[in-house]
Amino acid sequence: MIGAVDIGGTKIAVGMVDGNGRVLSRMQAPTDPDRYDDGLKLIASMLRETSAEAGAELSGIGIGSTGPVDPIRGEFGDVDFLPGWRGKNLVRDLAQIFNLQVALENDGDAAALAEAGWGAGRNRTRLIYVTVGTGIGGGIIIDGQLYRGVDGAHPEVGHHVVDPAGPECSCGFRGCWESLAAGPAMVAWIESHAPTDYPHREGISAKRICELAQEGDPVALQAVEHEALYLGLGLANLINLFTPDAIVLSGSVMKSAPLFLDRIRAVIRRGCRFVPAEKTKLTLASLGDDTNLIGAARVWHYRFGGARKEVHERAQ
């Protein structure tokens, strides 16, 4: 039984996950971005409570966290959403409290491990997980191994440039994939292209645009077309670079995936002539709202529980 900890900018979720990837108990609480010590106490308390609720003894603890983290040392990096957590070592601190092995990964990498091990990417050894919501993130599995960059860094798939004349991105460039294809990009398109008398303009969200498109609203359908084009361009780039067995799509925007998938596939067919793109399965994530918790547990299995050896052997 693995204690799973999912740390986001606004909430911390904790749960107990069994060896088959099933969440047996869970709870969540708001994140205090400035007070790490309080967050540590809260996580320890929630681990004890969910363990008691599941009626099981902890075997280990896995953590998936937003932002840059150092998975080797177990430290938080320059996490914008959690200024008080920078440089803190949650792996060491939880290991001392519970006397257990603890593992940490970026939440995108954790979700990629979950879908590769227990979800839509099961038995696929080259997989890219992409989540599309308020931003774009993900993780990369190559030959059954989680891909790490230099110094253990996590690849930022949302920040490859698709259009250098595009909108400014928080990373410093213009036209990053995230700035053109995440949920807020649809809202920005409506704000700049919808007629001034468009009745749905006020307070519109990506979710509402998708609802309107499903109802046949012509302006919303144009926004969806624009979104699907840029989603397709970014995914085509990933296929050209990595030629994976599968790309697993997740996130709030992908809850309306039927609006986008045909256009995405058409863009991929047009832009991936020199690789066998037809052999890359484009699929939706299958683990639902518990993906991040399941991913946090999979982090522990990957590091300590033999999952790395298992998937590597499948790749041979």
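The values are calculated or read from the model by the stated rules, or taken from the named source; none is laboratory data. As the structure is a prediction and not an experimental result, all values here were calculated from the model. Positions of Cβ are backbone-derived with ideal geometry, glycine not excepted, and every protein chain shown enters the neighbour counts. For the accessible areas, the whole protein counts, side chains as well, though only heavy atoms, and no ligand, DNA or RNA atoms are used. Shrake-Rupley method; radii C 1.70, N 1.55, O 1.52, S 1.80 Å.
Residues that are over 17 Å from residue 296 (Cα atoms) and over 24 Å from the mean Cα position of the chain (by Cα) within the range 1-53 comprise 35, 37, 38, 41, 45, 49, 52, 53, listed in sequence order.
Scanning the range 220-261 for residues that are hydroxyl-bearing (Ser, Thr, Tyr), surrounded by fewer than 23 Cβ atoms within 10 Å (Cβ to Cβ) and within 14 Å of residue 128 (Cβ to Cβ) gives a single hit, 243.
Cβ separations smaller than 8 Å between residues 6+ apart or across chains give the following pairs from the range 138-160 residues that are in a loop (DSSP other than H, G, I, E, B) to residues that are open to solvent by 50 Å² or more (accessible area, probe 1.4 Å) and among the hydroxyl-bearing types (Ser, Thr, Tyr): 155/147. Pairs linking a residue in the range 40-69 that is over 15 Å from residue 294 (Cα atoms) to a residue that is part of a helix (DSSP H, G or I) and open to solvent by 60 Å² or more (accessible area, probe 1.4 Å), with Cβ atoms under 6 Å and 6 or more positions apart or on different chains, are 44/97.
Checked against (1) farther than 23 Å from residue 292 by Cα; (2) touching a helix residue (DSSP H, G or I) at 6+ places or on another chain (Cβ under 9 Å); (3) buried (at least 17 other Cβ atoms within 10 Å of the Cβ), residue 163 passes all but a single condition, namely (3). Sort out which residues of the range 110-137 are part of a loop (DSSP other than H, G, I, E, B) and closer than 22 Å to residue 23 by Cα, and write them in order of number. Hits for the range 110-137 are 119, 120, 121, 122, 123. If we only count strands (runs of 3 or more DSSP E) wholly inside the range 9-103, which ones have 3 or more residues that are at negative phi and surrounded by fewer than 21 Cβ atoms within 10 Å (Cβ to Cβ)? The strands (runs of 3 or more DSSP E) meeting that bar are 23-30. The residues of the range 201-226 that are at pLDDT below 95 and over 26 Å from residue 175 (Cβ atoms), listed by number, are 202, 203. Number of residues in the range 52-76 that are farther than 16 Å from residue 12 by Cα, modelled with pLDDT of 90 or more and of a type in the set (Gly, Ala, Ser): the value is 6. Report whether or not residue 276 is exposed (fewer than 14 other Cβ atoms within 10 Å of the Cβ), of a type outside the set (Val, Ile, Thr) and farther than 28 Å from residue 119 by Cα. For residue 276, the condition - exposed (fewer than 14 other Cβ atoms within 10 Å of the Cβ), of a type outside the set (Val, Ile, Thr) and farther than 28 Å from residue 119 by Cα - is not met. Among the residues making up the range 104-126, a single one is free of Cβ contacts under 8 Å to residues at least 60 places away in the same chain and open to solvent by 60 Å² or more (accessible area, probe 1.4 Å): 122.
Annotation for the range 210-219: no member residue is under 30 Å from residue 123 (Cβ atoms), buried (at least 18 other Cβ atoms within 10 Å of the Cβ) and in contact with a Leu (Cβ under 6 Å, 6 or more places away or on another chain). Checked against the criterion of being open to solvent by 70 Å² or more (accessible area, probe 1.4 Å) and touching a strand residue (DSSP E or B) at 6+ places or on another chain (Cβ under 7 Å), the candidates 156, 168 yield just one match: 168.
If the condition is being aliphatic (A, V, I, L, M), at pLDDT below 90 and surrounded by fewer than 18 Cβ atoms within 10 Å (Cβ to Cβ), then the range 279-316 contributes only 315. Look at residue 136 and say whether it is in contact with a strand residue (DSSP E or B) (Cβ under 8 Å, 6 or more places away or on another chain) and either among the hydroxyl-bearing types (Ser, Thr, Tyr) or at pLDDT 95 or above (or both). When the stated conditions are applied, residue 136 does not pass them.
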